Each structure stands twice: as structure tokens, then as C-alpha cells.
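Working notes for the structure below.
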């Protein structure tokens with residue numbers, strides 16, 4: 001596996017399989033949800049192979065449970081490694097969270113206490129994952145709606161410590177930084193500035209919504225275009241971390257591919273302008 | 001095997017008890033600011049996400065009984081069978097059996113759920129090649145006594161009320177669902193050809209023969225079985241007719257002979 005992933009990508013969704021292979025698709029690469037392709041055969045794997053012949057791919061999982069209390073699922077890791085052998089991804093990632101326990105999968109990206117104990121636990125498991133896959137792994141900062149009392153680290157310290165102790169890299173979700181900054185009351189720019197400069201290997205961009213029941217909390221719904229505040233934060237991330245491969249995720253209200261490609265063109269423009277500004281400074 | 005108790009694991013277990021059982025003890029471990037809303041967002045997301053998965057995997061049952069009734073079923077099923085698999089694709093695997101055991105399940109619900117689940121199983125079962133009628137025509141006469149049919153892995157046989165597939169066909173065509181009349185049970189075959197899932201009602205006796213072939217019986221054995229009920233000439237004609245139909249449907253992955261033809 002090599003880490004040469006450049007430019008601007010999209011999350012691959014079944015609605016876009018055919019259009020992704022049409023000549024006018026300008027995405028540089030696609031990211032797949034790993035679990036969607038852990039099947040024995042059929043349509044999804046057929047399209048995956050064809051799209052993989054044309055585009056570089058990244059793999060992004062949702063069920064590794066890297067922060068969970070059950071032992072790492074060896075069967076899941078075997079299936080992940082087998083999929084990686086088929087896909088030959090440029091990057092492999094999952095979320096810095098926990099997803100269940102006692103054999104139950106809650107299918108949510110649940111928040112970890114931000115403590116030294118959690119850092120040690122997650123880092124040890126990440127080292128196991130990297131050994132099993134034979135490559136550096138990326139973990140994504142997740143959106144969260146609660147924090148535990150007794151946290152001893154802020155979010156930037158927590159992310160930095162996991163990276164330092166595990167040797168993994170960060171998949172920086174800029175929308176999640178924005179959502180958390182609003183939900184937990186911190187400065188998102190300060191968080192980006194506090195992360196180790198070389199640690200970010202991939203960037204996610206997405207839309208969010210506001211809690212319909214009036215709490216004022218933001219919810220990471222991936223059902224809308226990227227908002228202006230997140231674009232501004234992305235520009236800052238580009239100035240801070242340089243030319244990192246970036247992509248847009250959409251999981252609900254999925255528009256035609258052409259619409260997402262227009263949004264991706266906007267990401268290119270913002271990144272180019274941010275880089276010009278960095279060079280001029 | 002869990003590691004020794006820790007603050008990390010205790011907090012996870014407490015939040016999990018909130019999500020799965022509504023036990024609010026986790027609140028003591030959270031700052032007070034908008035605490036109820038924060039917990040509610042996670043609880044709602046857990047229930048709604050898995051209810052959406054069931055609605056996606058059982059779209060006809062969902063349409064048949066409506067949002068509210070389906071939502072109640074989803075909540076009950078989630079309590080009885082929380083997901084134990086990394087992929088949500090497997091969450092609904094016990095839904096039909098749970099419906100069958102459940103008090104208050106109306107006639108047809110469990111059977112429709114079973115039929116929809118089988119469609120999903122066939123949809124992403126292992127790929128296999130498709131043998132053709134021409135492949136069979138090319139077999140030398142000496143190969144026929146040892147012929148075995150390797151059937152598609154993406155194939156399921158089930159005895160279900162004859163009215164169930166009509167519900168699915170009406171839904172897929174955008175027509176109003178016909179009234180359901182339990183009653184006649186028929187043998188149904190579901191299979192995938194290319195990436196499309198098909199089904200058809202089997203002729204009397206055909207399911208038993210397909211099951212025999214699937215389990216490794218030779219073609220000669222299938223002919224013998226037909227001969228139990230038919231004169232020899234009729235049995236041979238019937239066997240040839242069934243083989244032709246199965247090949248035309250794409251049910252046969254390979255024609256195996258000894259020695260290989």
C-alpha cells in the first residue's frame with residue numbers, strides 16, 4: 001500500500017456508481033465505507049472493482065470500535081485486511097470513538113472520555129490494528145454531543161496524544177471540529193493550531209444540521225452542503241496543514257453526482273486560494 | 001474477556017445502558033449543561049438509525065403496515081435483538097423469526113419479512129459463473145451418467161404463502177398492495193442472475209429435486225427420483241425439461257462430470 005493520494009475526492013455512494021465511471025467525473029479519488037463491501041459477492045463488489053480500476057481509493061470504516069471495551073474483533077480485522085488486499089487503498093481509516101460492548105454493536109460513533117487512560121487504551125489497540133494491516137492507520141475526530149465529567153485533556157490534547165502514542169495519522173473532519181466547537185464551546189481555529197502539523201493525512205468535509213428540538217446543539221447529519229463557517233475553517237486547515245487530500249461526505253439527501261462535483265470544485269478553489277495566501281505570507 | 005474495570009469502561013457501559021435500556025445512571029457522569037438534550041440526541045439516533053435499517057431491508061412490510069406500526073415493531077425488535085455484527089446489513093436477520101414468535105403479529109407479516117430477507121441474502125451472495133444450454137448440449141453421452149449440477153450459491157428455496165410475492169410485485173410496480181389472504185402454501189425459488197434478483201413459483205416436486213441437486217445428488221439420482229412417480233420415458237422427458245429450464249433461468253453454475261467433460 002502506498003500513501004500517495006492527491007487532490008479532491010468524494011465518498012462513494014451506490015447512487016453514483018454509474019456516473020463515477022462516466023467521462024465527465026472530475027473526482028480525483030473515492031473513499032468507500034469498508035463495511036458496505038464486506039459481502040460475499042453481488043453488485044457492490046462488481047462496481048467497486050470497476051471504480052477501483054479507474055480511481056485511487058481510500059477505505060473508511062465505522063465498526064472497528066477502536067476505543068471499545070471488548071477485545072478487538074479479529075474476524076472483522078481479517079475481513080478488513082482481505083478487503084484492503086482487493087481494493088489496494090491509498091489510505092485506511094476509522095473513527096476515534098467506541099461503538100459498543102458486551103458483543104453488541106450500537107452502530108454509532110460514541111464519544112470517549114478525554115483522559116490519559118483512554119489515550120493508552122486506544123493507542124495500544126491502534127498499534128495492533130496497524131500490525132494486522134501492515135500500514136499506518138488514520139483515525140478521524142468524531143462529532144460529539146456530550147463530554148464526560150472528569151476529562152483531563154481537551155480535544156486537541158487528546159487527538160495529539162493518540163497520534164503520538166500510536167504512530168497513527170489523523171483524518172481531520174473539519175465539520176466535526178466545527179460541530180464540536182459549537183457543542184462544547186471552544187475555538188475551532190485554536191484546535192487546528194494545536195494539532196501536530198504533520199499528523200493530518202486526509203480531510204473530510206460535510207454538512208450538519210441543528211437539533212430539531214431546540215437545544216441549539218449541532219448534529220453531524222451529512223445531509224446538507226458544507227456551510228460557510230466550515231469552508232472558512234477548511235481554508236485555515238489548508239494554510240496550517242498544506243495540500244492534504246480532501247473530500248466531501250454526503251450520506252443523506254444525496255444529490256446527483258454533478259452537484260457534489262460542483263461542491264468539490266468549490267473545495268479546490270478554497271484550497272488553492274488558501275495556499276496562495278500561505279505562499280504570499 | 002474484558003480488561004479490569006476502569007473509569008473508561010464504566011462510562012461506556014453506563015452510556016450503553018442508557019441507549020439500550022433507558023437507564024439514566026450515566027447522567028451522574030456528565031456535566032449538567034444541556035445534559036438531557038445531549039443524552040436524548042444519542043438515544044434517538046440509536047433507535048432511528050436501526051429502525052431505518054429495518055425499513056430499508058423490509059420495504060414492503062414497512063409500506064404494508066405503515067410508519068407507526070413498523071416503528072413499534074422496530075423498537076421491540078431492537079430491544080429483543082440488538083445488533084451483534086459490525087455491519088448493519090445483518091441486523092434484520094432474526095426479524096422474521098421474531099415476528100413469528102411475537103404475540104399480535106398479523107397473518108403474512110412474518111412470511112413477508114422472510115421473503116424480503118431472502119431477497120437480501122441472494123442480492124449479495126457469492127458470485128458464480130452461469131452454465132448454458134449449449135454447455136449441456138456439448139456434453140458427450142458418456143459424461144451424462146456422472147453429471148452433477150453445481151447450483152448458484154445465490155439461490156434460496158422456501159415454502160411460503162402464494163400471496164406473499166404478489167405483495168412484493170405490487171410494491172415494486174408502484175401499485176396498491178393487494179389484500180392478503182393466507183391459505184395456499186407454495187414452493188418459491190429466489191435467485192440472482194447478474195445483479196438482479198428473481199423469483200418464481202416452483203412446479204409440484206421441483207423444490208425437492210432442486211434441494212437434492214443443491215445438496216450434491218447426481219443428475220441420474222434426480223431421474224431416479226422422478227421415476228418413483230412417472231413411467232421411465234416420462235421421467236426422462238421431465239428431467240430433460242427441468243434441466244433445460246434451470247439452465248435457461250441461470251440456476252446452474254457448472255456441469256460437473258467424472259472425468260471432466
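Only the coordinates and a few stated rules stand behind these numbers; no lab work does. Note that the structure is a prediction, hence the values are computed from the model and not measured. Quick reminder, even Gly has a Cβ in these numbers, built from the backbone with ideal geometry, and neighbours come from all protein chains shown.
State, to one decimal in nm, how far the label point of residue A:88 lies from the label point of residue A:104, with both points 7 Å from Cα in the Cβ direction.
Label-label distance for residue A:88 and residue A:104, simple model: 4.3 nm.
Express as a percent, rounded to the nearest 5, the fraction of DSSP beta bridges in region A:8-280 (both residues included) that run antiparallel.
Counting only bridges with both partners in region A:8-280, antiparallel ones make up about 15 percent.
Quick check on region A:1-158: what does the Kirkwood estimate of hydrodynamic radius come out to from the alpha carbon pairs, in Å? Numbers along the way, then the final one.
Numbers: mean 1/r = 0.0593 Å⁻¹.
About 16.8 Å for region A:1-158.
Output the Kirkwood hydrodynamic radius of region A:66-111, Cα pairs only, in Å rounded to one decimal.
11.8
Which whole number gives the average, over all residues in B:39-50, of C-beta atoms from other chains lying within 10 Å of the residue C-beta? All intermediate terms of the calculation are to be shown ahead of the outcome.
Details: counts 2, 5, 9, 7, 0, 4, 9, 4, 0, 0, 3, 4.
If you average over the peptide's residues, the count of other-chain Cβ atoms is 4.
Expressed as an acute angle from 0 to 90° and rounded to the nearest 10, what is the orientation of the C-alpha long axis of helix B:109-123 relative to the principal long axis of chain B?
70
Shape of region A:189-268 from its Cα gyration tensor (a ≥ b ≥ c, root eigenvalues): rounded if a/c is under 1.5, otherwise prolate when a/b > b/c, or oblate?
oblate
Under a point spin-label approximation (7 Å from Cα along Cα-to-Cβ), what is the residue A:40-residue B:37 distance to one decimal in nm?
Label at residue A:40, label at residue B:37, 4.8 nm between them.
Taking only the alpha carbons of region A:1-83, what extent do you get along each of the three principal axes, in Å, biggest first?
Computed over the Cα atoms, the extents are 46, 29, 21 Å.
Compute the label zone of residue A:154 within region A:189-221: residues whose backbone N is under 15 Å from the point 7 Å along Cα-to-Cβ.
A:189-196
Pick from B:199, B:188, B:117 the residue whose mean-square fluctuation is largest in a GNM of chain B, springs joining Cα atoms under 10 Å.
Evaluated over chain B, the most mobile residue of the options is B:199.
Could you calculate the FRET efficiency of residue B:103 with residue B:248 from 1/(1 + (r/R0)^6), where r is the beta carbon distance between them and R0 is 60 Å, rounded to 0.05?
Approximately 0.85, to the nearest 0.05.
Quick one: grab the alpha carbon gyration tensor of region B:88-199, order the square roots of its eigenvalues as a ≥ b ≥ c, and give me rounded if a/c is under 1.5, else prolate or oblate depending on whether a/b is larger than b/c.
Prolate shape, in that a/c is at least 1.5 and a/b is the bigger ratio.
Looking at region A:1-130, send over the antiparallel percent of its DSSP beta bridges, to the nearest 5.
Roughly 25 percent of the DSSP beta bridges within region A:1-130 come out antiparallel.
Assuming R0 = 35 Å, what is the FRET efficiency of residue B:49 and residue A:269, from their Cβ-Cβ distance, to the nearest 0.05? Can you show the working numbers first?
On the way: r = 34 Å, r/R0 = 0.98.
Result of the calculation: an efficiency of 0.55.
Rounded, prolate or oblate, given the Cα gyration tensor of region A:127-262, with a/c below 1.5 counting as rounded? All intermediate terms of the calculation are to be shown ahead of the outcome.
Numbers: a/c = 1.62, a/b = 1.21, b/c = 1.34.
Oblate shape, in that a/c is at least 1.5 and b/c is the bigger or equal ratio.
How many nm separate the modelled label positions at residue B:132 and residue B:175, each set 7 Å beyond the Cα in the direction of the Cβ?
My value for the distance between the label points is 3.4 nm.
What are the principal axis extents of the Cα atoms in region B:7-123, in Å, biggest first?
48, 27, 22
To the nearest 10 degrees, how steeply does helix B:35-57 sit against the main Cα axis of chain B, on a 0 to 90 scale?
10
Please determine, in degrees from 0 to 90 and to the nearest 10, the orientation of helix B:67-80 with respect to the longest principal axis defined by the Cα atoms of chain B, where the helix direction is its Cα long axis.
90
Taking a quarter of the surface of the Cα convex hull of chain B, what do you get in nm²? Each step should come with its number before you reach the end.
Values: hull surface 80.6 nm².
About 20.1 nm², averaged over all directions.
Using a Gaussian network model of chain A with C-alpha springs under 10 Å, which one of A:210, A:33, A:270 is most mobile by mean-square fluctuation?
Judging by the Gaussian network model, the answer is A:210.
Have a look at A:255, A:245, A:188 and tell me which one the Gaussian network model of chain A (Cα, springs below 10 Å) gives the largest fluctuation.
Per the Cα network of chain A with a 10 Å cutoff, A:255 tops the list.
Which three extents, in whole angstrom, do the alpha-carbon atoms of chain A cover along their principal axes, largest first?
Between the extreme Cα coordinates on each principal axis of chain A lie 53, 48, 41 Å.
Given that compact globular proteins tend to follow 2.2 N^0.38 Å, what is the ratio of the alpha-carbon Rg of the protein assembly as shown to that value?
Ratio of Rg to 2.2 N^0.38 Å for the protein assembly as shown: 1.12.
Per residue of the protein assembly as shown, what 222 nm ellipticity follows from adding -39500 (n - 2.57) for every DSSP H run with n ≥ 4, rounded to the nearest 500?
Estimated from H runs of four or more residues: -14500 deg cm²/dmol.
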